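Just below is one structure, and these are the notes that go with it.
The values are calculated or read from the model by the stated rules, or taken from the named source; none is laboratory data. Remember, it's a predicted structure, so these values are computed and weren't measured experimentally. Cβ placement follows ideal geometry from the backbone for every residue including glycine, while neighbour counts extend to all protein chains displayed. When the accessible area is computed, the model is the full protein with side chains, heavy atoms only, and any ligands, DNA or RNA have been set aside. Shrake-Rupley method; radii C 1.70, N 1.55, O 1.52, S 1.80 Å.
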Amino acid sequence: SGCHGANVPALGVTISGPASVLPNTTVSYTVSLSGITGTAVAGFNMAIEKKAVQPTFQAGTGLFTADTATQTGHSTPKTPVSGATSWTVSLAVPAGAVAGTTYTLYATANAGYGGDQFGWNHANNLTITVASSLPCPLPSPGAYVEYRTAGKPGPRTCSSANAIRQSNEAPSPA
């Protein structure tokens, strides 16, 4: 019922993206919709839990923001390909976000509108946590990265402050 039809559990809706984020960064999340049959076009809405220090969605091509940028969604419906489609959104985490703070992301997606109502479903919520540092991705094959903390070999963290060398060769023994 309503303008998008009824809840259809066969519609798969997922949120994917990092579960840990750093303050003062912009990260990407993808809302995916699958299981669409027929000719219905698709849309979505995503929201983030409101707190005192608030990450905000950034407007992008084909997207809108609302409610002081704590919500985003499609501004133009998408035509699914092989019964699926997705949207990638950007979330700006403010510099004042405190390590250990958690936020919940919510998403609902639909296929159809008006006379072509296939239905809608919601994703499992995704909890994201503000971190003080993140593990670094493994270097590409053949690359060598050395990190130091207080002048000693240290933990692999993605911090430009402790990345002292990155090259395609391991250092020569001293």
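Kirkwood Rh over Cα pairs of region 1-95 into Stokes-Einstein at 10 °C, 1.306 mPa s: D in µm²/s?
Details: Rh = 14.4 Å.
The estimated diffusion coefficient comes to 110 µm²/s.
Could you give the nm distance between label points at Asn124 and Thr61, where each point is 7 Å from its Cα heading toward the beta carbon?
Inter-label distance under the simple model: 3.2 nm.
Can you put Leu63, Leu33 in order of accessible area, largest first, using a 1.4 Å probe?
Leu63, Leu33
So how exposed is Ser90, as accessible area in Å² (1.4 Å probe, rounded to 10)?
Per-residue accessible area (Ser90): approximately 40 Å².
If you stretched the chain out fully between Ser133 and Thr37, how much longer would it get, using 0.36 nm times the residue separation minus the C-alpha to C-alpha distance?
Details: separation 96, 0.36 × 96 = 34.56 nm, distance 4.30 nm.
Gain in length upon complete extension: 30.3 nm.
Modelling each spin label as a point 7 Å along the Cα-to-Cβ direction, I'd like the Tyr106/Ser86 distance in nm, to one decimal.
In this crude label model, Tyr106 to Ser86 measures out at 2.4 nm.
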